[in-house]
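The values are calculated or read from the model by the stated rules, or taken from the named source; none is laboratory data. Keep in mind that this is a model prediction, so the values were computed, not measured. Every residue, glycine as well, gets a Cβ built from its backbone with ideal geometry; the counts of neighbours run over all protein chains shown. Ligands, DNA and RNA are stripped out before the accessible areas are found, and what is left, the full protein with its side chains, is counted by its heavy atoms. Shrake-Rupley method; radii C 1.70, N 1.55, O 1.52, S 1.80 Å.
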Amino acid sequence: RDVAGIRAGTLHALAAQLDRRRGFAPGTVVLLDEAGMASTRVSARVLEHAERAGAKVIAVGDAGQLSSVEAGGWFAALTRKLPGPSLREVIRQRDPAERTALQALHDGDADRYLDHKADQITLHATERDALDAVTDQWAQLRAQHGPTSVALIARDNATRDRLNIAARERLLARGELATDGVRIGNRDWAVGDRVIARRNDRRLDVDNGTIATITTVPPDGTGVAVRTDADQDRVLDRAYVSDHLEHAYAITGHSSQGATVEAAIVVGRPEEFTQEWAYTALSRARGETLLHVIADHGP
């Protein structure tokens with residue numbers, strides 16, 4: 001929306017709007033970005049409305065990345081049955097060798113990627129060891145590139161939460177985060193906190209997946225004000241903060257899909273690096289991507 005200058009929203013919100021107003025207007029063209037992540041059921045509702053109205057739907061995505069967290073896979077199935085135009089050249093990464101290695105990973109050749117990244121992979125016996133090392137590395141990269149330009153990516157929510165706690169404690173200890181915050185919904189919030197919205201809310205004009213930085217924390221605990229990474233100011237009330245806001249020093253691979261950063265640190269256990277998840281998480285950075293692999297299998 002911000003870069004292309006066209007009106008945009010989420011697929012779920014569009015489906016609800018179409019159900020209420022009974023379809024698309026004549027002559028509508030729908031651009032469905034990140035179609036590989038789209039839920040099959042919700043996509044079917046939108047496509048049915050498009051068929052009835054004679055609207056044109058252009059679906060753009062990558063079947064080699066993560067699919068929907070709900071039942072999905074329709075885009076991958078469609079591209080196998082009806083191949084269309086494809087972009088094969090990776091352009092996000094500056095290093096041509098990194099681009100080539102990522103393309104190999106995308107196509108299922110993990111060995112070629114691992115050979116290329118051998119000196120950027122760190123092995124840890126336990127998750128505790130990994131948390132300490134990752135937090136140190138993340139703090140250094142954050143100081144070098146800025147808080148919005150470094151992604152700390154984990155496979156599961158439990159590891160992500162532990163990384164968020166460790167990162168936030170590091171900022172507090174270094175005096176880089178305000179200490180006079182508030183506690184809402186079993187989490188502490190302060191000016192400077194990086195956060196992610198986890199639910200669409202048209203009333204507050206915020207989308208699921210929006211990443212932002214807290215700019216104001218009223219002492220009465222009525223909510224927080226944030227500035228999104230697209231430089232939009234929003235005010236989130238206490239109910240939304242309590243139920244649908246999370247810290248975003250670390251995010252999951254699904255939350256990172258579509259993002260571009262300067263540096264990325266990816267944390268996981270060997271079995272968690274499936275082809276789609278690995279390619280998505282390891283292809284977010286223009287510059288360096290560092291891997292931390294945990295040997296133990298967790299609690």
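Numbers at a glance
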{"read-out": "Share of Cα-Cα pairs in the range 1-147 lying beyond 22 Å, as whole percent", "value": "60"}
{"read-out": "Calculated FRET efficiency for the pair residue 260/residue 78, C-beta based, R₀ 30 Å, to 0.05", "value": "0.70"}
{"read-out": "Between the range 238-296 and the range 73-98, the alpha-carbon center distance in angstrom", "value": "20"}
{"read-out": "Rounded to whole Å, sorted largest first: equivalent-ellipsoid semi-axes of the range 225-299, Cα gyration tensor", "value": "28, 17, 10"}
{"read-out": "Values of log10 I(q)/I(0), in the order q = 0.21 Å⁻¹, for the range 137-268 under a Debye, Cα-only, solvent-free model", "value": "-1.39"}
{"read-out": "Projected-area average for the range 22-92 over all orientations - Cα convex hull basis, square nanometres", "value": "5.7"}
{"read-out": "Distance (nanometres) between label positions extended 7 Å along Cα→Cβ at residue 58 and residue 132", "value": "5.3"}
{"read-out": "Correct choice for Cα Rg over 2.2 N^0.38 Å that was computed from the model, options (1) 1.41; (2) 1.06; (3) 1.22", "value": "(2)"}
{"read-out": "For the range 123-212: accessible area per residue (Å², 1.4 Å)", "value": "49"}
{"read-out": "The range 85-193, accessible surface, carbon-and-sulfur percent (1.4 angstrom probe)", "value": "48"}
{"read-out": "Calculated log₁₀ intensity ratio I(q)/I(0) where the Debye formula runs over C-alpha points of the range 184-253, q = 0.14, 0.26 Å⁻¹", "value": "-0.34, -1.31"}
